[in-house]
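The values are calculated or read from the model by the stated rules, or taken from the named source; none is laboratory data. Keep in mind the model is a prediction, meaning the values are calculated, not measured. All Cβ positions, glycine included, derive from the backbone under ideal geometry; neighbour counts span all protein chains shown. Note: accessible area is taken over every heavy atom of the protein model, side chains too, but ligands, DNA and RNA are not part of it. Shrake-Rupley method; radii C 1.70, N 1.55, O 1.52, S 1.80 Å.
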Amino acid sequence: QVQLVESGGGLVQAGGSLRLSCAASGRTFSNYAMGWFRLAPGKEREFVAVISREGRSTYYANSVKGRFTISRDNAKNTVYLQMNSLKPEDTAVYYCAATGGYDYYTSRTYNYWGQGTQVTVSS
C-alpha cells in the first residue's frame, strides 16, 4: 500500500501561484510514476501532469503546459506541482496518484490516490 497526502491548496487570485505537495508513505516511492489529476464541478476528472519514476520525464496537459511544473524528491518521498499564472478555470480539487504502470494519461492506471486538495482561483 501507498498512502498519499496532498497539501498546499487554497484560494488565490487569477495570475497568482500555488505549490501543491504530495507526501507518500508505504512502499518504495521511486517504484512509482506520480501524477496529478483534477476534478472540477460538473466535469470529468482530468489529467494534469505526470513525472516518471526517476524524475527524468514529465508530461503535461495542454491546458497547463508552460504554467505548471511537476517535480519530485525521492529522498523526501514527495511530489510537487508548482502552479503559476493561475486562471479561474484551474479551480478544482487536485489529486495526486501513484502508478506502477506506463499509461500515464489514464486514471485507471493509477493504483493509489490521495484525498485531494481544493484549489480556487478567483477572477
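For the stretch 111-123, the set of residues classified as among the hydroxyl-bearing types (S, T, Y) and under 12 Å from the mean Cα position of the chain (by Cα) consists of T117 only. Here N74 meets each of (1) in contact with a strand residue (DSSP E or B) (Cβ under 9 Å, 6 or more places away or on another chain); (2) surrounded by 12 or more Cβ atoms within 10 Å (Cβ to Cβ) with one exception, condition (1).
With respect to A24, is the statement that it is in contact with a Gly (Cβ under 8 Å, 6 or more places away or on another chain), touching a residue at least 24 places away in the same chain (Cβ under 8 Å) and open to solvent by less than 60 Å² (accessible area, probe 1.4 Å) true? It is false that A24 is in contact with a Gly (Cβ under 8 Å, 6 or more places away or on another chain), touching a residue at least 24 places away in the same chain (Cβ under 8 Å) and open to solvent by less than 60 Å² (accessible area, probe 1.4 Å).
Just one residue in the set Y110, Y94, Y59 is modelled with pLDDT of 95 or more, among the hydroxyl-bearing types (S, T, Y) and open to solvent by less than 10 Å² (accessible area, probe 1.4 Å); that residue is Y94. Considering Q115, Q82, the condition of being under 16 Å from Q3 (Cα atoms) and open to solvent by 50 Å² or more (accessible area, probe 1.4 Å) is satisfied by Q115 alone. Residue count for the stretch 1-21 under the criterion of being open to solvent by 80 Å² or more (accessible area, probe 1.4 Å), at pLDDT 95 or above and among the polar types (S, T, N, Q): the result is 2.
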